[in-house]
1. On the given criteria, is THR40 among the hydroxyl-bearing types (Ser, Thr, Tyr) and modelled with pLDDT under 90?
2. Being under 13 Å from the mean Cα position of the chain (by Cα) and modelled with pLDDT under 95 is the requirement here; does HIS65 meet it?
Amino acid sequence: MQNTRIEAGKLRHRIIIVKPTLAQDTAGGWSEDAENQVATTWASIEALTGRELYAAQQQVSEVTHKITMRYWPGITANMNVWFQQRQFRILAAPLDPDERHKMLVMLCLERNNSARDAGGTAA
């Protein structure tokens with residue numbers, strides 16, 4: 001049996017979970033620029049792997065993170081996590097390790113440090 005006890009001191013990162021929504025642009029097309037806030041909570045963020053890619057004469061860095069938080073219903077893989085102006089894309093459905101609704105573990109991807117534009121909303 002897995003230990004699903006969360007030590008409160010490890011949840012030291014304040015995160016915002018958002019769900020991208022479609023917004024119509026001025027040309028009549030659709031984009032996923034708009035975001036609806038789903039949750040604001042404390043979590044632990046742990047870097048797992050990192051790599052740098054060179055494609056089309058551009059350097060792209062990717063870092064995979066494990067984000068652990070207390071259980072929150074409705075979190076899905078099509079959502080994003082914001083932490084200090086950094087965006088993490090949830091890669092797979094969050095895990096509820098022993099199905100007791102105590103915690104969620106999310107595997108997330110951060111690209112190019114993902115800092116928002118100066119005009120963007122901060123997390």
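1. It is false that THR40 is among the hydroxyl-bearing types (Ser, Thr, Tyr) and modelled with pLDDT under 90.
2. When the stated conditions are applied, HIS65 passes them.
The values are calculated or read from the model by the stated rules, or taken from the named source; none is laboratory data. For clarity, every value in this text was computed on a predicted model and none was experimentally measured.
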